[in-house]
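Each value in this text was obtained by applying a stated rule to the coordinates, not by laboratory testing. Quick caveat, the model's predicted, so the values are computed rather than measured. So basically every Cβ, Gly included, is an ideal-geometry build from the backbone, and we count neighbours across all protein chains shown.
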Protein chains: 2
Amino acid sequence: MDDGAKPLNSDELKNLLEKKQLREIKIKISELNENDIAAFLEELDTEKATVVFRLLPKDLATDVFACMSIEFQKSIIDSVTDKELVAIIEDLAVDDAVDILEELPSNIVSKILNAATPQTRKEINQFLKYPDSSAGSVMTSEYVKLSKEYTVKEALDVIRKQGVDKETIYTCYVVEKSRILIGVVTLKDLLLSHDDELIEDIMDENVIKAHTLDDKEEVSDMFNKYDLLALPVVDKENRIVGIVTVDDAVDVMEEEATEDIEKMAAITPSEHPYLRSTVFEIWKQRIPWLMLLMISATFTGMILTKFEDALSVQVALTAFIPMLMDTGGNTGSQASVTIIRGLSLGDIEFSDIFQVIWKEFRVSILCGITLAAVGFGKIMLVDRMLMGNTSITIPVALVVSISLVFTIIIAKFVGCTLPMFAKKIGFDPAVMASPFITTIVDALSLLVYMNVAVLILHI
Amino acid sequence: MDDGAKPLNSDELKNLLEKKQLREIKIKISELNENDIAAFLEELDTEKATVVFRLLPKDLATDVFACMSIEFQKSIIDSVTDKELVAIIEDLAVDDAVDILEELPSNIVSKILNAATPQTRKEINQFLKYPDSSAGSVMTSEYVKLSKEYTVKEALDVIRKQGVDKETIYTCYVVEKSRILIGVVTLKDLLLSHDDELIEDIMDENVIKAHTLDDKEEVSDMFNKYDLLALPVVDKENRIVGIVTVDDAVDVMEEEATEDIEKMAAITPSEHPYLRSTVFEIWKQRIPWLMLLMISATFTGMILTKFEDALSVQVALTAFIPMLMDTGGNTGSQASVTIIRGLSLGDIEFSDIFQVIWKEFRVSILCGITLAAVGFGKIMLVDRMLMGNTSITIPVALVVSISLVFTIIIAKFVGCTLPMFAKKIGFDPAVMASPFITTIVDALSLLVYMNVAVLILHI
């Protein structure tokens, strides 16, 4: 991949920095992408980074600032003057400013809010009040408003005049008095129409929109479903309060996928990247689930204790417990993870539950028979003949194989139904993944195994 | 969420369809979004769906067709005339046409290719030859080309003339002879510049681009990193062959996240949605891993067999085997899943391995001590006193707690290093998730448990 020969430039720039050739650096660095500049600055120590940061043209400085990690933003804020800080904050898109403020300690937040103009302060405060999971929290107020009486030419003039500060000019929103949203028109529509056509004649009145308190995950799903570049966010009175752009929707998608994956592995999701989290933070994310699952495993232990006598008669049975429990856990999580992902992408609904159960039942019969046959052969050939363990008889191998079939049927059933019921009662289905399924299936598969053993071996 | 009162319209439209008021339907349906129309058509039987499909204006019909599922596209292709088919194919964006053709049976593909014009056929054939995982496979050839000698006014005129058929007009590519890519200019840049400025003066020469054979996952990561709306794809001679637009990049992101999740649950990824896959297909996705993992569990069984005598002396120990193995598996998958996701988002690199190991070591000490303390208390209070199992002594509880600490340290170590080594040697780290880690950690935790037991209990 060729994303602009960054590594080369990085060394070259560090070299120039050593030689204090600041003018050279200024020229070189201004040609780079803001993401690459931010990455380069983070390689330097704070002092040098601040020097280079101050060399950047004002607009670029703000863009670079928005790309930095929170830790680095803090050190930049600490080392610039109040005047420079105002310039950065005023220049940031409101949603970026809000994201940054939410992460900063409160003393720095008030320093920034005091430095901002009253208008910016008002907007930031309004945005800060939306819950973290809502559409409101990811929107920006910098969008293009048009009036339905404009001609195409007038609209294009408005865009040319206001466009510099807007997060996108490619989708424009047609509003009536008090910002009531009545239509949407793309820049493509405008460019492909005649100059004297009226906006109300070319605008699309079927506006796909979200409400401020809608879940941001649903909002990002709409981008996916309708291939949008931007989505307007309205309040209860259908007044437009902001827009969500596709780059922010993409961030939400990645965030939600990470959260789902973390929940599936019994980890409490966190907003911090792994390498920046402290050991204690990671411990807090992981320990509650480990504790809960460890305590739940008591039931499996109790079942084993109950069948202690049977096991001491047929000690050979013990050796197959891990294999049975693991296979149960694995088949169960295959089913649950498939269903969880389907639910989260909207491919599967609760109403599909009978179709899902029927499908999983047939899959588990197929998987069960295959594994039982292979398992039987393996036990007789490897465990009995190759390893010479004569306590492993045909009835023992039969007990294991029959238990396998039932375990797999039960595991797939539990694995596919639990996530759907979790979703139905308003829980996140992702927590019903491998670890929970494994714990439940462990206990059930042991029960099956012991009962089949008692039945066949008469122990 | 208000996405256009679709359910209401669906019933209303079905009603109109019953009464055969086709003109009414034509008016109502033309106002809807193509995704919603496709969803509505899929609710109908094929015959009625074809009737309604034919009512759609030509452009809309093509958009709706692109939104349908493959099964439904097949039935539409079967029921329209060759002439109608040509109209649809010619009107589709080339990348959409290619996606559809890849899924269709070969007799229908040749029917379509025969129906297409030579130009379209050539383009489609070119696209069909890129590997499924490459940037080439997701690009489209419908982009706007500009020449650096154009003025802004001339460029805008070109866009107005060619724009209708282009997948995006918001990012335009500046090319020299033989399509050598020399710069990029956004429609925003054009609109905010004076009419008589030259393209070469406003274009950005630092083009972020991909090569045709780059992995499409890396391409979608670039959209995320640089907040792009479109990315040009060039061949070895830096000639532009197509562009990838953000909506296609978003599809790739979702696809890759699903693939990662499936691999983490030991499922071979599939392109088909769950509800549309046959039982046999699902079985094929799942059985190889189940089989492999079942056979691997043999080692755990062998360890148990080896310690059969020790276990028959201290039968109480058996009851804690599931709890130890589960906790080991759970802590191990927490670590592995965190690392796998970090690797896949680019937050973690192989060079971070020592930092990761050191962090996981400290986390595992914290988790180990917490769980050992709680486990010890639980064993003495619940298992010994409440359940009255006198064979559970303080030494037995100690054996379990000490084994817990070591198991957790080992599990976190295995969980964090295996995915990184997998990545290093060019494997997908996602396969090193829960099931594999669990199988390995099971065996290791049993070894620890049995050795600690022999050491402390002298059995």
*Out of all DSSP beta bridges with both ends in the protein assembly as shown, state the antiparallel percent to the nearest 5.*
75
*asked:* From the mean inverse distance of alpha carbon pairs (Kirkwood) and the Cα radius of gyration, derive Rg over Rh for chain B.
replied: 1.12
_Formal net charge of residues neighbouring A:Thr438 (Cβ-Cβ distance under 9 Å; K, R +1; D, E -1)_ = -3
_About the Cα centre, charge dipole magnitude for the protein assembly as shown (Lys/Arg +1, Asp/Glu -1 at Cβ), debye_ = 3420
*Average beta-carbon neighbours from other chains, 10 Å sphere, peptide B:191-204*: 1
*Cα axis of helix B:246-264 to longest principal axis of chain B: angle in degrees, 0 to 90, nearest 10?*
20
*Positive-pole candidate from A:Val86, B:Ile339, B:Ile159, dipole of the protein assembly as shown, charges at beta carbon*: B:Ile339
*At B:Leu457, with labels set 7 Å past Cα in the Cβ direction, how many nm apart are the copies from this one, shortest first?*
1.9
*Cα-Cα over 19 Å, subset of B:Lys26/B:Lys48; A:Lys129/A:Lys236; B:Lys83/B:Lys111; B:Lys166/B:Lys216; B:Lys28/B:Lys58*: B:Lys166/B:Lys216
*For segment B:6-131, what is the charge dipole size about the Cα centre, in debye to the nearest 20, if Lys and Arg each add +1 at the Cβ and Asp and Glu each add -1 at the Cβ?*
460
_Nearest-first distances (nm) between copies at B:Glu42, label 7 Å from Cα via Cβ_ = 3.9
*lysines with Cα under 17 Å of B:Lys359, excluding same-chain neighbours fewer than 8 positions away*: A:Lys284, B:Lys412
*HN-Hα J couplings of segment B:174-182 from phi, Karplus 6.51/-1.76/1.60, θ = phi - 60°, integer Hz, Gly and Pro as x?*
9, 10, 9, 4, 6, 6, 5, 7, 10
*For A:Asp347, which inter-copy label distances result when the label point lies 7 Å beyond Cα on the Cα-to-Cβ vector, reported in nm to one decimal and in ascending order?*
2.5
_Local electrostatic count, A:Gln21, Cβ distance below 13 Å [Lys/Arg +1, Asp/Glu -1]_ = +3
*asked:* Output needed for the protein assembly as shown: three equivalent-ellipsoid semi-axes, defined as square roots of 5 times the C-alpha gyration tensor eigenvalues, in descending order, whole Å.
replied: 54, 35, 25
*Estimated FRET transfer efficiency when R0 is 35 angstrom, pair A:Arg179-B:Lys225 (beta carbons, to 0.05)*: 0.55
*Output the peptides A:129-135, B:214-220 sorted from most to least packed, where packing is the average of other Cβ atoms within 10 Å over each peptide's residues.*
B:214-220, A:129-135
*Could you tell me the distance between the Cα centroids of segment A:170-203 and segment B:320-355, to the nearest Å?*
51
*Radius of gyration and Dmax for segment A:352-419's Cα atoms, expressed in Å?*
15.0, 50
*asked:* With n ≥ 4 as the cut-off for DSSP H runs, can you work out [θ] at 222 nm for chain A, using -39500 (n - 2.57) per run divided by the number of residues, rounded to the nearest 500?
replied: -20500 deg cm²/dmol
*Per-residue mean of other chain beta-carbon atoms within 10 angstrom of the beta-carbon, peptide B:387-394?*
1
*Any idea how far apart A:Ser391 and B:Gln126 come out in nm if each label point goes 7 Å out from Cα toward Cβ?*
7.2
_For the pair B:Glu218/B:Lys48, report the inter-label distance in nm, with labels modelled 7 Å from Cα in the Cβ direction._
5.0
*Take segment A:43-105, compute every pairwise Cα distance, and split them into 10 Å bins from 0; I just need the percent in each bin.*
21, 63, 16
*Roughly how crowded by other chains is peptide A:266-277, in terms of the mean Cβ count from those chains within 10 Å of each of its Cβ atoms?*
4
*Starting from the Cα-Cα distance between B:Arg23 and B:Leu55, subtract it from 0.36 nm times their residue separation and give me the gain in nm to one decimal.*
10.7 nm
*Among residues other than B:Gly346 whose Cβ falls under 10 Å from its Cβ, what is the net charge (Lys/Arg +1, Asp/Glu -1)?*
-3
_Dipole magnitude (debye, nearest 20) for segment B:268-411, charges at Cβ of Lys, Arg, Asp, Glu_ = 200
*Which whole-number value in Å³ per residue fits the convex hull of the alpha carbons of segment B:144-264?*
103
*Can you tell me the FRET efficiency between A:Ile459 and B:Ile459 if r is taken as the Cβ-Cβ distance and R0 is 30 Å, rounded to the nearest 0.05?*
0.80
*When ranked by the protection proxy of mean other Cβ atoms within 10 Å per residue, highest first, what sequence do the peptides A:322-333, A:427-438, A:150-161, A:194-205 form?*
A:322-333, A:427-438, A:150-161, A:194-205
*Considering only chain B, what is the antiparallel percent among its DSSP beta bridges, to the nearest 5?*
75
*Starting with the highest mean, order B:406-413, A:363-370, B:104-111, A:176-183 by the number of other Cβ atoms within 10 Å, averaged over the residues of each peptide.*
B:406-413, A:363-370, A:176-183, B:104-111
*Given just the C-alpha atoms of segment B:6-131, how large is their convex hull per residue in cubic angstrom?*
100
*Please give the contour-minus-distance gain from A:Lys111 to A:Lys83: 0.36 nm per residue of separation, less the Cα-Cα distance, rounded to one decimal in nm.*
8.9 nm
*Tabulate in residue order the Karplus-calculated ³J(HN,Hα) for segment B:355-368, using 6.51 cos²θ - 1.76 cosθ + 1.60 with θ = phi - 60°, rounded to whole Hz; enter x for Gly and Pro.*
4, 5, 4, 5, 5, 5, 4, 5, 4, 6, 5, 4, 5, x
